[in-house]
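Have a look at the structure below before the remarks.
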Amino acid sequence: MIPLVKETEESFSEEFVSNDYQINATAAAFAATVDTLYQDKVLSPMREYMVNAADAHIEAGHTRNFDVYLPTTLQPIFKVRDYGPGLSHEKILTHMTTMFSSGKADTNEQTGYLGLGSKSVFAYTDFASLESIQNGIKRVYVLARSGSSVPTVTLTSETSTDEHDGLVISYAVKPSDISRFKEAAATLRRGFNGYKVCPTFHPPLDVVDPNNSVLIYETDKASLYRNSRGYSPSKVFVRQGPIIYPVPHKASGLSTYHTELVVNVPIGSLAVATSRETLSLDSVTDNLVKNFIEEAVNDICDELQEEINQCTSYIEACKKFSHVTEQISGPTLRYKNHSEVRSIISRTLPAGCFWDRGSKRKESMLTINIRTIDSLMFYYTEPHEFVTRKVDRVAIHVDSLNQPNTQSIILDRLPSDGLKDLSEKFELRPDQFVNIVNLPAPPPVQPITTRRSTSGYTPNSNSGAKPYKLIRDYNATHGVDWVQVDELPANNEYLWLPAKRKGGSLTMTRGTITGLSPQNFGSRIYDFSGQKVWFSNLSRFVDSKPVPLYAILPSVEKAFKPSETRLLDVFIESELSKLDIDILVAAWVRNHNAGSKIFPACQNLNQYIKEFTYTENLATLLNIAGLQSAVQKEAEAFFREAKKRYPLLDAPESELRDFYIKAIDKSRPKRKTKGKKVNA
């Protein structure tokens, strides 16, 4: 690429002494150039060697694909093989060892020009292998750098070969970086899409675009992508050669979200940064970028409008291009200067016909998403027909067809000429219309033998006295179902709580919580593992934790005699009693009484917190075990002592700031100045 040169003139008198700036080729200079040049140490060297491979093919006069071998777990090596002219031994010893040495600065057919890309491997690693095949001779070199020294290139072998001319650069990859290399390749692949020389990845690249972007339209001047990642703001890029550069500009006329515009510019049109990771946005380049963006948007709109007008109908135009027009907020694109091309189409139904949407909702306006129009099925009744349970009939028919992606629309009282009218308005096929009269009648309603009670819980299997297991069920009251079981697990592998009735409050024998019903108990359940305590939702607990929870009525307790040690609150109290009271105090203070300001000053409490993890629900746990009162008194006593030692412990931020300023001023020695008498 021919570098852009600023048009400036300078002239000095011969009386002045001047000298040109130079670069001292030292190890420090090399490290400062290569080590700190690239922000992305994985993607940038990959980009440089892929671009160099494409340039080599252009120099050789062919557009054959070059090969990129991505690292794998079994072979963690990155390699690029081109089929260009290769390099002679003399050029490798000079070109590969000289910074800013390039033979591409006099042509805009190739992208490189700085002479830095061939050294970019040292941004990632200190060792690489280089093979040059030229005129039947294969030479293998080792590129190496020891510590912070200047790299060296060493010829290790020279043999005859019948391989195609070209260069091979390869280097080892850290196992932890293998996925990053795949993602980098997926990012660079977009730049080579449509370029005259493209890469072939080995193994084939199975990684989708990291930005979740899909190409929706392109012209010679630009490519338009849709980004499906959340509410992603629209972005603009510039592609010069096979390299895509981000630019901090918005494209007027495009959607604010989900749109990515890639503008194609001729090689050599814009100045780039030394790293080739961004453009060099000086005032001249910045103005050029804005002009290129405006031209690209106009070009997309003009070509898109021309293609829309070539469609045979409005529906065809919407099917083909509505996903593109949704990303354009500038000129309104219409089909032959009539209706706007869009994805949602509304049409009035024939007189007397209604769209039956269920729940007594009937509409005379039919609205359809053009993207699903081919999969729609229209089930209709004629004006003189009365069909009971239409929805059931349609559901049975759809199930029998086994077409899960088919969407059904029920039309009431569609006149005979309405079929033709709708077919013309939406360009529907005849097989998309089915008369509901021709569908099989729904089966008779069977009596319900097993059903939920009005309370929302599963009915009991029988009237016998049996324990209830608490099971997650979003359809049950408060998301917790009470299911009757025959017996309790053996070996005390369970916990239980007394209950007076099914679905009633769960009783605590130790704690002070009142009215602990399923709705407030379900979000405050327990789990123990060594020295750690945390809380999780009951629905998650009953599915994933090994110890089930049971609710036992008084009659069941007499019959099954569950172990008192397996009572939930007794078990929690037993576990908490094994812990140091200071740990409980520390956790209490952490969640109360400005605890966040205590811990920076009290290292012993920090240590406790490292050993024992709590959540904001500590008070609930202590309540269940009946320990809250004792722990609270200990914590308040600790806080009073801590405040005596640290008076500003719970002071507001402004007071702390003022205290800090005064302390600094007080610590500085006062300077004495000598005054001078001035004669009047």
> Considering the stretch 336-346 alone, what residues qualify as being within 22 Å of LYS420 (Cα to Cα) and at pLDDT 85 or above?
Replying inline: ILE344, ILE345, SER346
> Restricting the search to the stretch 237-253, which residues are in contact with a Ser or Thr (Cβ under 8 Å, 6 or more places away or on another chain) and touching a residue at least 60 places away in the same chain (Cβ under 8 Å)?
Replying inline: GLN240, GLY241, PRO242, ILE243, GLY253
> Has the stretch 221-236 got at least one residue that is touching a residue at least 40 places away in the same chain (Cβ under 8 Å) and open to solvent by 40 Å² or more (accessible area, probe 1.4 Å)?
Replying inline: yes
>> What pairs come out if I take residues in the stretch 281-303 that are within 19 Å of TYR225 (Cβ to Cβ) and pair them with residues that are exposed (fewer than 14 other Cβ atoms within 10 Å of the Cβ) and of a type in the set (Asp, Glu) whose C-beta lies under 8 Å away, six or more apart or interchain?
In response: ASP299/ASP220
> Quick one: would you say SER269 is part of a loop (DSSP other than H, G, I, E, B), open to solvent by less than 40 Å² (accessible area, probe 1.4 Å), without any contact (Cβ under 8 Å) to a residue 60 or more places away in the chain and touching a helix residue (DSSP H, G or I) at 6+ places or on another chain (Cβ under 8 Å)?
Replying inline: yes
> So which of ILE293, ILE373, ILE345, ILE368 is open to solvent by less than 30 Å² (accessible area, probe 1.4 Å), part of a helix (DSSP H, G or I) and farther than 21 Å from GLU218 by Cα?
Replying inline: ILE373
> Checking VAL173 against (1) more than 28 Å from PRO331 (Cβ to Cβ); (2) open to solvent by 20 Å² or more (accessible area, probe 1.4 Å); (3) aliphatic (A, V, I, L, M); (4) touching a Ser or Thr at 6+ places or on another chain (Cβ under 9 Å), which single condition isn't satisfied?
Replying inline: (2)
> So which residues in the stretch 54-88 are among the hydrophobic types (A, V, I, L, M, F, W, C) and more than 36 Å from the chain's Cα centre (by Cα)?
Replying inline: ALA56, ILE58, ALA60, LEU87
> Which of the residues spanning the stretch 539-581 are at pLDDT 65 or above and of a type in the set (Gly, Ala, Ser)?
Replying inline: ALA551, SER555, ALA559, SER563, SER574, SER577
>> Can you report the number of residues in the stretch 121-157 which are free of Cβ contacts under 8 Å to residues at least 24 places away in the same chain, touching a helix residue (DSSP H, G or I) at 6+ places or on another chain (Cβ under 9 Å) and either assigned to a strand (DSSP E or B) or surrounded by 16 or more Cβ atoms within 10 Å (Cβ to Cβ) (or both)?
In response: 1
> Within the stretch 58-105, can you find the residues that are of a type in the set (A, V, I, L, M, F, W, C) and modelled with pLDDT of 90 or more?
Replying inline: ILE58, ALA60, PHE66, VAL68, LEU70, ILE77, PHE78, VAL80, LEU87
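To keep it simple, each residue is scored yes or no on (1) on the phi > 0 side of the Ramachandran plot; (2) within 43 Å of the chain's Cα centre (by Cα); (3) at pLDDT below 75.
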| position | (1), (2), (3) |
| --- | --- |
| SER455 | no, yes, yes |
| SER461 | no, no, yes |
| ALA465 | no, no, no |
| ARG472 | no, yes, yes |
| THR477 | no, yes, yes |
| VAL480 | no, yes, yes |
| LEU488 | no, no, no |
| TRP496 | no, yes, no |
| ALA499 | no, no, no |
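The values are calculated or read from the model by the stated rules, or taken from the named source; none is laboratory data. Predicted, not measured: the structure shown is a model, and the values here were computed from it. FYI the Cβ positions are ideal-geometry reconstructions off the backbone, even for glycines, and counts take in every protein chain you see. In case anyone asks, the SASA skips ligands and DNA or RNA and just uses the protein heavy atoms, side chains included. Shrake-Rupley method; radii C 1.70, N 1.55, O 1.52, S 1.80 Å.
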